[in-house]
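Report on the following structure.
The values are calculated or read from the model by the stated rules, or taken from the named source; none is laboratory data. Please read all numbers here as calculations on a predicted model, not as lab measurements. Note that each Cβ is placed from the backbone with ideal geometry, even for glycine, and that neighbours are counted across all protein chains shown. With ligands, DNA and RNA removed, areas are computed over all heavy atoms of the protein, side chains included. Shrake-Rupley method; radii C 1.70, N 1.55, O 1.52, S 1.80 Å.
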Amino acid sequence: VRAPGTPPEVEFPQQWSLNCKVLKRTVYQAANVPEALHRRGVVPFQADLTRPDPALERLLAFYGGVGLPFVAVLDRDGREVQHFSGLFTAGSLVDALNALK
């Protein structure tokens, strides 16, 4: 459960997705990503779409996602700061996290 005023980072992975596995091993395990999450007080959430889930699919569509992997970085009020679709770098995710106020 996220405390009020805590910005979330919502990841939409699938266990069988090769691109999701690549991101897990390259982006999410890069030293600067967990550090930036902690520094900004961001709570990462996984909305696992390995199995169909209409509620999570609506949430994905709400953020503009049409394919996986997809990540939405939100501010403390739940507004989207930036989103990433497909493959992206640790540096681009850190830049989005650093843009949080």
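In the range 7-14, is there at least one residue being free of Cβ contacts under 8 Å to residues at least 24 places away in the same chain and touching a Phe, Trp or Tyr at 6+ places or on another chain (Cβ under 6 Å)? Looking for residues that are free of Cβ contacts under 8 Å to residues at least 24 places away in the same chain and touching a Phe, Trp or Tyr at 6+ places or on another chain (Cβ under 6 Å), one finds none in the range 7-14, hence no.
Can you tell me which of Val22, Val10, Val73 is β-branched (Val, Ile, Thr) and either assigned to a helix (DSSP H, G or I) or open to solvent by 60 Å² or more (accessible area, probe 1.4 Å) (or both)? Can you show your working first?
Numbers: Val10 fails: either assigned to a helix (DSSP H, G or I) or open to solvent by 60 Å² or more (accessible area, probe 1.4 Å) (or both); Val73 fails: either assigned to a helix (DSSP H, G or I) or open to solvent by 60 Å² or more (accessible area, probe 1.4 Å) (or both).
Matching residue, one of Val22, Val10, Val73: Val22.
Give the residue that is surrounded by the most Cβ atoms within 10 Å (Cβ to Cβ), with candidates limited to residues of the range 76-90 that are assigned to a loop (DSSP other than H, G, I, E, B) and under 14 Å from the mean Cα position of the chain (by Cα). Among those residues, the one meeting the criterion is Phe88.
Of the listed requirements (1) touching a strand residue (DSSP E or B) at 6+ places or on another chain (Cβ under 6 Å); (2) open to solvent by 50 Å² or more (accessible area, probe 1.4 Å); (3) under 21 Å from Gln15 (Cβ atoms); (4) of a type in the set (Val, Ile, Thr), Val66 misses just one: (1).
Count of the range 1-26 residues, restricted to those that are among the β-branched types (Val, Ile, Thr) and under 11 Å from the mean Cα position of the chain (by Cα), is 1.
Report yes if some residue within the range 43-62 is in contact (Cβ under 8 Å) with a residue 60 or more places away in the chain and surrounded by fewer than 12 Cβ atoms within 10 Å (Cβ to Cβ); otherwise report no. Walk me through it before giving the result.
So the first thing to find is which residues in the range 43-62 are in contact (Cβ under 8 Å) with a residue 60 or more places away in the chain, and the list is none.
Taking every residue of the range 43-62 in turn, none turns out to be in contact (Cβ under 8 Å) with a residue 60 or more places away in the chain and surrounded by fewer than 12 Cβ atoms within 10 Å (Cβ to Cβ).
In the range 33-42, how many residues are open to solvent by 60 Å² or more (accessible area, probe 1.4 Å) and farther than 12 Å from Leu74 by Cα? Reasoning before the result, please.
Of the residues in the range 33-42, the ones open to solvent by 60 Å² or more (accessible area, probe 1.4 Å) are 34-35, 38-40.
Next cut, farther than 12 Å from Leu74 by Cα only: 34-35, 38-39.
Going through the range 33-42 one residue at a time, the tally reaches 4.
A single member of Asp48, Asp95 is of a type outside the set (Val, Ile, Thr), over 14 Å from Pro7 (Cβ atoms), out of contact with any His (no Cβ under 7 Å at 6 or more places or on another chain) and not in a helix (DSSP H, G or I), and it is Asp48. Restricting attention to the range 63-81, the residues that are at pLDDT below 95 and farther than 19 Å from Lys21 by Cα total 10.
For the criterion of being farther than 18 Å from Lys24 by Cβ and at pLDDT 90 or above, Asp48 fails.
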